[in-house]
Amino acid sequence: QVQLVESGGGLVQAGGSLRLSCAASGRISGINRMAWYRQAPGKQRELVAVFNSGGSTNYADSVKGRFTISRDNAKNTVYLQMDSLKPEDTAVYYCNAEVRTIQTIRLVTLDYWGQGTQVTVSS
């Protein structure tokens, strides 16, 4: 089994900053991509940022220049530094990871999600 545990959400005023963390643990042979998604009330879940195994990163247009994704491979942890926050950034933020893990005797690649952490930006 593999678990993703997020932390770092909270309430912040517009213009402020927050740093989210997501640590993966369990039967991990390796991790390919790690990403952050978010879901605002009444809206679909959307990709915020992704850190690929090769080191490249991609961001949603709405967060470019304000958010930075980083990764510590030794700790199986991904971070999301969020600066210049806006009220429209308010959402539940979810960590996602594509993990190589052993099931029975086979190496498989599976997608895992964290439980989500609430980020609220007040105006």
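The values are calculated or read from the model by the stated rules, or taken from the named source; none is laboratory data. Everything numeric in this text was worked out from a predicted model, so none of it was measured. Here Cβ is always computed from backbone atoms with ideal geometry, including for glycine, and neighbour counts include all displayed protein chains. Side chains are part of the model used for accessible areas, which takes the heavy atoms of the whole protein and leaves out ligands, DNA and RNA. Shrake-Rupley method; radii C 1.70, N 1.55, O 1.52, S 1.80 Å.
Taking only the Cα atoms of the stretch 50-98, the ratio Rg/Rh comes out at 0.96, with Rh defined as the Kirkwood radius. A straight Cα-to-Cα reach below 27 Å connects LYS86 with the lysines LYS43, LYS64, residues fewer than 8 places away in its own chain not being considered.
Provide the per residue accessible area, probe 1.4 Å, for the stretch 17-123, rounded to a whole number of square angstrom.
Numbers: 5570 Å² over 107 residues.
About 52 Å² of surface per residue is accessible.
In the calculated pair distance distribution of the stretch 72-123, what percentage of Cα-Cα distances lie above 16 Å? The calculated P(r) of the stretch 72-123 puts 59 percent of pairs beyond 16 Å.
Expressed as a whole percent, the accessible area of the chain that falls on carbon and sulfur atoms is 47 (1.4 Å probe). Heavy-atom accessible area, probed at 1.4 angstrom with all protein chains present, ranks GLU88, GLU46 as GLU88, GLU46, highest first. Each principal axis of the Cα cloud of the stretch 1-44 was evaluated for its coordinate range; sorted largest first, these ranges are 40, 23, 16 Å. When the residues TYR93, TYR59, TYR79 are ordered by accessible surface, computed with a 1.4 Å probe over the protein chains alone, the sequence from largest down reads TYR59, TYR79, TYR93. For the options THR104, THR57, THR77, a Gaussian network treatment of the chain with springs between C-alpha atoms closer than 10 Å singles out THR104 as fluctuating the most. Residues considered: ALA23, ALA49, ALA74. Largest GNM mean-square fluctuation over the chain, using C-alpha springs under 10 Å, is found at ALA74. For a paramagnetic label modelled at 7 Å from the Cα of THR68 toward its Cβ, which residues of the stretch 3-40 fall within the zone defined by backbone nitrogen distances under 12 Å? No residue qualifies, since no backbone N sits under 12 Å from the label point.
Ordered by 1.4 Å accessible area with all protein chains kept, PHE51, PHE67 run largest first as PHE51, PHE67. Computed over the alpha-carbon atoms, the chain gives an Rg to Rh ratio of 0.99, Rh here being the Kirkwood radius from the mean inverse distance. Which residue, ILE105, ILE31, ILE69, tops the fluctuation ranking in a GNM of the chain built on C-alpha contacts under 10 Å? The residue that fluctuates most here is ILE105. Using a probe of 1.4 Å on the protein chains alone, the accessible area found for LYS75 is around 130 Å².
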